[in-house]
Amino acid sequence: MEIVRSQRSRTNTPNDSVSTLPLYRYAPQLEVRLEDFEVFAMDRLRVLKGISDALARGKRPEEMENLVRDLWKANMRHPEASEDVNKDIISHFVLRLVYCRTEDLRKWFLSMETALYRYRFLLGSSEAKRALMEEFDLPCKAISRTEFENAKEKLEQVARSFDQPLPTADAIFYKVPFEEVPELVAGRRVYIHKGHAYVAMHQVVSLVVTQFRSNLSKALILTNRKWTSTIREQEKDRLTPIVEALSMSYLGPDYSQTKEFGEISIKDLDQLARSSFPLCMRHLFDKLREDHHLKHGGRMQLGLFLKYVFRRLFTFLLSLTLCVSLYAKGVGLRMEDALAFWKAEFSHKVGAERFDKEYAYSIRHNYGKEGKRTDYTPYSCQKIISSTPGVGDHHGCPYRHFSEENLRAALGRMGVGSRAMEDVVDKVRNRHYQLACTLTFEAVHSSSCDAGINHPNQYFSDSHKILQPKSKITNIQVQIVGQPHSDQAEMAKFRPSNLQTCKS
């Protein structure tokens with residue numbers, strides 16, 4: 001598969017010569033535009049991550065079939081119908097390259113691709129299934145009418161034990177070496193005679209999926225060897241950065257753009273943190289209030305989150321107990337207000353002069369006003385989970401980086417009940433960190449979140465939408481009696497007695 005920047009050539013392969021469900025044995029001999037290389041992979045990744053979330057939530061098989069159908073239709077259709085198969089094959093091989101690089105990546109990709117293949121096979125017609133079985137050259141053959149009659153009683157016993165319809169005279173059964181269907185043998189769902197399992201047509205998916213998984217597992221090892229020996233170095237200036245970034249890609253809404261949530265009274269910032277911040281941000285916010293300091297990783301994670309949580313943030317240092325009095329409309333934190341917010345907190349510990357010298361630059365840098373002038377966006381869950389906090393750091397994902405004892409304590413402070421807490425901890429033990437956060441959201445808000453939590457700002461947004469109608473917050477406009485001062489010493493003059501509040 002050659003990657004080019006010019007227009008990708010079209011293939012003239014007749015539709016009837018390519019199975020609707022490919023075998024993915026060989027990479028296609030196609031020229032692929034670099035843009036398609038990345039976009040196709042991300043579209044398929046949305047399908048696989050949707051399957052991963054659904055399986056972790058314990059969706060039933062019939063629900064999974066409907067989900068896979070909808071995910072595939074939403075993400076894997078090409079504007080030109082004739083290119084659907086090409087997009088399918090190209091995206092698979094791109095992600096094979098992306099996920100071959102480590103044992104954990106290979107394990108996840110193998111499981112999700114196998115699950116996708118299973119449900120796509122089940123959704124196919126009987127004719128398509130038989131055609132695919134012939135292409136796979138599976139070690140099986142249909143039993144004769146005589147063999148069926150001889151084994152009919154045993155086949156009926158198996159069917160009754162699983163409340164399946166009894167086999168009829170026109171039923172199709174395949175005789176397969178029992179080691180080829182370990183899933184069915186382990187579940188005692190087939191009749192075994194002289195080393196062969198008698199597999200019904202509706203059970204053939206187990207045989208197909210076992211073969212597919214075996215082939216893909218071997219292919220991932222071979223791809224990894226080729227990647228490490230040649231491809232990574234040869235493509236270090238072109239494909240390697242894309243491949244290495246794809247496994248960490250965030251696929252949800254763009255939170256680099258501010259969104260309107262109505263009017264928020266941000267003088268109740270601490271209350272907002274308790275009610276609508278995800279655990280990762282709530283922990284950082286609490287540590288900031290407690291220590292009046294965060295290391296670089298914490299400042300980046302919390303600062304970029306807040307950057308798109310509040311739009312107009314007017315910060316006034318009032319006292320040790322009332323540090324911030326704010327009024328905001330919508331979302332997004334302006335750079336000037338961010339500087340005031342962080343300065344008000346840090347000045348308790350390092351002083352205003354040291355803050356200006358050592359910390360103000362990094363805040364301006366986050367807003368694209370210093371250095372490379374990149375306007376940084378908030379961190380996604382995937383980026384936060386993959387971080388490696390050190391001693392004294394408070395950033396990262398609590399579900400991954402907290403001990404179980406500390407996590408339980410934090411969940412208890414959020415108001416998560418004992419039963420829901422056990423469900424969250426169970427997901428953490430199985431390394432389903434985002435699902436653990438989703439269950440926390442559902443427990444705290446008594447509301448389902450079928451889409452799952454994939455971004456801290458999504459958590460805040462969804463929480464605010466749920467809580468806003470209940471809270472009926474009275475909008476407060478802060479008016480200052482006298483002239484505002486930018487100097488830190490002068491800011492201390494503004495006490496609650498110097499402020500007036502009025503209904504807007």
**Asked** Going down the table (Lys49/Lys175; Lys287/Lys383; Lys49/Lys369; Lys59/Lys383), which pairs top 32 Å between alpha carbons?
**Response** Lys49/Lys175; Lys49/Lys369
**Asked** What distance in nm separates the simple spin-label points at Lys295 and Thr374, each placed 7 Å from Cα in the Cβ direction?
**Response** 2.1 nm
**Request:** Please give, to one decimal in nm, the separation of the simple spin-label points placed at Arg431 and Asn66, each 7 Å out from Cα toward the Cβ.
**Result:** 3.2 nm
**Asked** Ignoring ligands, DNA and RNA, how do Glu65, Glu358 rank by accessible area with a 1.4 Å probe, largest first?
**Response** Glu358, Glu65
**Complete:** Rounded to 0.05, the calculated FRET efficiency for the beta carbons of Lys236 and Asp163 at R₀ = 56 Å is 0.45
**Message:** Test of understanding: what is the full-extension gain from Ser111 to Ala409, defined as 0.36 nm times their sequence separation minus their Cα-Cα distance?
**Reply:** 104.0 nm
**Request:** Keeping the other protein chains in place, figure out the carbon and sulfur percent of the accessible area of the range 94-138, with a 1.4 Å probe.
**Result:** 47 percent
**Prompt:** Suppose R0 equals 60 Å; then what is the FRET efficiency for Thr388 and Met201 from their Cβ-Cβ distance, rounded to the nearest 0.05?
**Reply:** 0.75
**Complete:** The correct ranking of Asp43, Asp356 by accessible area at 1.4 Å, largest first, is Asp356, Asp43
**Prompt:** What FRET efficiency comes out for the pair Ile192/Val350, r = Cβ-Cβ distance, R0 = 51 Å, nearest 0.05?
**Reply:** 0.10
**Request:** Could you tally the net charge around Glu62, taking each other residue with its Cβ under 14 Å from the Cβ of Glu62, Lys/Arg +1 and Asp/Glu -1?
**Result:** +1
**Request:** May I ask you to give the solvent-accessible area per residue for the range 130-254, in square angstrom, as obtained with a 1.4 angstrom probe?
**Result:** 58 Å²
**Asked** Could you give the length gained on full extension between Lys154 and Lys218, defined as 0.36 nm per residue of separation minus the Cα-Cα distance, in nm?
**Response** 19.4 nm
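The values are calculated or read from the model by the stated rules, or taken from the named source; none is laboratory data. Predicted model only: the values in this text are computed from it and were never measured. Cβ coordinates were reconstructed from backbone atoms using ideal geometry, including for glycine residues, and neighbour counts include every protein chain displayed. When the accessible area is computed, the model is the full protein with side chains, heavy atoms only, and any ligands, DNA or RNA have been set aside. Shrake-Rupley method; radii C 1.70, N 1.55, O 1.52, S 1.80 Å.
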